[in-house]
């Protein structure tokens, strides 16, 4: 069992190693955008076996675009094209029945149809195929995404700031080392391991999106919190069922 103290502690380091990862990947030019939501509104949208994880009494919805690179299974090199593409997800934060903090995804967009199919099949995640692009220079990063079928698009531009030391709120919103999913009708999870996020402050220059609303989440209101991270290497474990 996880102690009450451990349940409330938010560490930048993974609580469990991923000794036999199913895949390796890098997350590059990643932007976190987060909005506060009433907890009861988001509680109704996640599976009943998961507890909503709140901070300052609120639920949080994140919109997270990035560039995925170096995607590969163990013992094999990353292949051109298929291992390098943009992604974006709509997420909230939860705890499992064992108290472990993690992420619940409402949707994930990816620019590679094969990656969409593979993630749906292996992890049961709600991936959507989208036409996506990430452009950047020394100070600005621009993301565009539009689903190939159905509604859901985003155009985001941010300006990078200075290095940021993660406080309690930043750790709550970024230090997540488990994803939850539904596999064959049962609650499942996969562990994730990586070094602490190298976070930077960021300014939002443009936001035009309806992907949140078309991921079965009410549209956000107000200005989001914005953080940027240049690169991170990640190990993702095999999906497992929760007992």
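Every number here is computed from the coordinates shown, using simple stated rules; none is lab data. None of the values given here were measured: they were computed from a predicted structure. Neighbour counts run over all protein chains shown; Cβ positions are idealised from the backbone, glycine included.
Highest mean first, how do 52-65, 75-88 rank when packing is the count of other Cβ atoms within 10 Å averaged over residues?
On the way: 52-65: 19.3, 75-88: 14.5.
So the peptides 52-65, 75-88, ranked by packing, come out 52-65, 75-88.
Determine the shape class of the chain: with a ≥ b ≥ c the square roots of the Cα gyration tensor eigenvalues, call it rounded for a/c under 1.5, and otherwise prolate if a/b is greater than b/c, oblate otherwise. Present the calculation step by step, with values, prior to reporting the outcome.
Numbers: a/c = 1.25, a/b = 1.10, b/c = 1.14.
Verdict is rounded for the chain.
Along the Cα-to-Cβ line of residue 195, 7 Å from the Cα, sits a label point; which residues in segment 27-65 have backbone N less than 19 Å from it?
Once the point is set 7 Å along Cα→Cβ of residue 195, 27-31 turn out to lie under 19 Å by backbone N, inside segment 27-65.
How many angstrom lie between the C-alpha centres of segment 198-233 and segment 9-77?
14
Calculated FRET efficiency, residue 20 and residue 113, Cβ-Cβ r, R0 25 Å, to nearest 0.05?
Numbers: r = 27 Å, r/R0 = 1.10.
Efficiency computed from Cβ-Cβ geometry: 0.35.
Estimate the FRET efficiency between residue 76 and residue 11 by the formula 1/(1 + (r/R0)^6), using the beta-carbon distance for r and 30 Å for R0, to the nearest 0.05. Please list the in-between numbers first.
On the way: r = 31 Å, r/R0 = 1.04.
With a Förster radius of 30 Å, E is 0.45.
Where does each of 112, 235 land when they are ranked from fewest to most other beta-carbon atoms within 10 angstrom? Intermediate results must be reported in sequence, preceding the final value.
Numbers: 112 22, 235 19.
Lowest to highest Cβ neighbour count: 235, 112.
Between residue 155 and residue 207, what length in nm is gained on full extension when 0.36 nm per residue of separation is reduced by their alpha carbon distance? If you can, show how the numbers build up before the last one.
Numbers: separation 52, 0.36 × 52 = 18.72 nm, distance 0.59 nm.
Length difference between fully extended and current span is 18.1 nm.
Show me the ranking of peptides 146-155, 187-196 by mean Cβ neighbours inside 10 Å, starting with the highest. Kindly include the intermediate steps, with their values, before the conclusion.
Details: 146-155: 14.6, 187-196: 18.1.
Answer by packing, highest mean first, reads 187-196, 146-155.
Quick one: if the Förster radius is 35 Å, what FRET efficiency do residue 241 and residue 131 give, using the C-beta to C-beta distance and rounding to 0.05?
On the way: r = 34 Å, r/R0 = 0.98.
Efficiency, rounded to the nearest 0.05: 0.55.
Would you compute, from DSSP H runs of 4+ residues alone, the mean residue ellipticity of the chain at 222 nm, taking -39500 (n - 2.57) per run and dividing by the full residue count, rounded to the nearest 500?
-3000 deg cm²/dmol
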